[in-house]
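What follows is a single structure, written as structure tokens, with notes after it.
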Amino acid sequence: MAAIVDVKDVHKSYGSNEVLKGIDLEVQEGEVVVMIGPSGSGKSTFLRTLNHLEDTDSGKIVINGWDVSDSKTNIDKTRETIGMVFQHFNLFPHLTVLENMTLAPVELGKYSKDEAEAKALELLDRVGLRDKADVKPTTLSGGQKQRVAIARALEMNPKIMLFDEPTSALDPEMVGDVLQVMKDLAKDGMTMIVVTHEMGFAKQVADRVVFFADGLINEQGKPEDVFNHPQHERTKDFLDKVL
Ligand code: ADP
Ligand code: MG
């Protein structure tokens, strides 16, 4: 079976700063991959290359069957298959929750307005926010905003969800609800790549933990192996600081 994500030898520099130094990664359908690693190691840059928010200098990226590294690929079509959730929600403040969710799919002609709204309400139900459909995001807590952002990403029926530190900007009491939504999603079989510092989530939910350092994947494996028996000094040092 073809991998959902197939990355080969990806390099990326910003000026003289080589941020990705040859990344190889395959992710299978239904797999949950958690990426950990020190700040500045290239995790966000890597996630952003997957849906072509960043160009790469060399290497190959195929995601959901689309070759993102090929300039002839229809990147808008590719992105429709990829849901992305950021640290800072990125909701439109002047639109209601429902409008935030239905704007893109209706504009792209994916669903009619009625279909999009029905689907949005169903998803809001799933993240526990059905009653917030008609409010503006500014009235929501951080955790609620992030759950809306997740629901909004799901509205497009993505084949894979990318999360970049989705709970890092939240007050501690909000983190659990967001992680629960992500756990439910994983249980339903969604393919996910999650950059996070939530080691509990990684241990509980990840099929694989990938340790990023200095622009390379230094080590990867089952959570119990990486956390309990790290093979490399760099991984040990990092885990000593965060566990
Ligand atoms: P992480 O997410 O692991 O903290 P990033 O991917 O954000 O790491 O950053 C990796 C490196 O790339 C850092 O040195 C950062 O300063 C640099 N970087 C990230 N984005 C840009 C950019 N748009 N322009 C220049 N340098 C960048
Ligand atoms: Mg980052």
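The values are calculated or read from the model by the stated rules, or taken from the named source; none is laboratory data. Just so we're clear, the structure is a prediction, and the values are computed from it rather than from any experiment. When we count neighbours, we look across all protein chains shown, and the Cβ atoms used for this are built from the backbone with ideal geometry, even at glycine. Keep in mind that these areas ignore ligands, DNA and RNA; they rest on the heavy atoms of the full protein, side chains included. Shrake-Rupley method; radii C 1.70, N 1.55, O 1.52, S 1.80 Å.
Couple of notes before you dig in:
- Qualifying residues in the range 196-241 (those that are part of a loop (DSSP other than H, G, I, E, B) and among the charged types (D, E, K, R)) - the one surrounded by the most Cβ atoms within 10 Å (Cβ to Cβ): 198
- Within the range 35-65, the set of residues being in contact with a strand residue (DSSP E or B) (Cβ under 9 Å, 6 or more places away or on another chain) and away from ligand 2 (no atom under 14 Å from the Cβ) comprises 51, 52, 55, 56, 57, 58, 59, 60, 61, 62, 63, 64.
- Residues of the range 128-147 that turn out to be over 15 Å from residue 118 (Cα atoms) and assigned to a helix (DSSP H, G or I), as a count: 9
- Some residue of the range 72-89 being open to solvent by less than 50 Å² (accessible area, probe 1.4 Å), among the charged types (D, E, K, R), assigned to a strand (DSSP E or B) and under 23 Å from residue 45 (Cβ atoms): no
- Residue in the range 1-15 that is within 15 Å of ligand 1 (Cβ to nearest atom), open to solvent by less than 60 Å² (accessible area, probe 1.4 Å) and of a type in the set (Ser, Thr, Tyr) present: yes
- Residue 152 being free of Cβ contacts under 8 Å to residues at least 40 places away in the same chain and either in contact with a helix residue (DSSP H, G or I) (Cβ under 8 Å, 6 or more places away or on another chain) or among the basic types (Lys, Arg) (or both): no
- Within the range 10-21, residues that are under 17 Å from residue 217 (Cβ atoms) have Cβ atoms under 9 Å from residues that are near ligand 1 (Cβ under 8 Å from one of its atoms) and open to solvent by 70 Å² or more (accessible area, probe 1.4 Å) in these pairs: 19/40, counting only partners at least 6 apart in sequence or on another chain.
- Number of residues in the range 151-196 that are within 16 Å of ligand 1 (Cβ to nearest atom) and within 13 Å of residue 87 (Cα to Cα): the value is 11.
- Residue in the range 27-36 that is touching a residue at least 60 places away in the same chain (Cβ under 8 Å), within 11 Å of ligand 1 (Cβ to nearest atom) and surrounded by fewer than 19 Cβ atoms within 10 Å (Cβ to Cβ) present: no
- Any hit, the range 126-147, residues being under 14 Å from the mean Cα position of the chain (by Cα) and crowded, with 19+ Cβ neighbours inside 10 Å: yes
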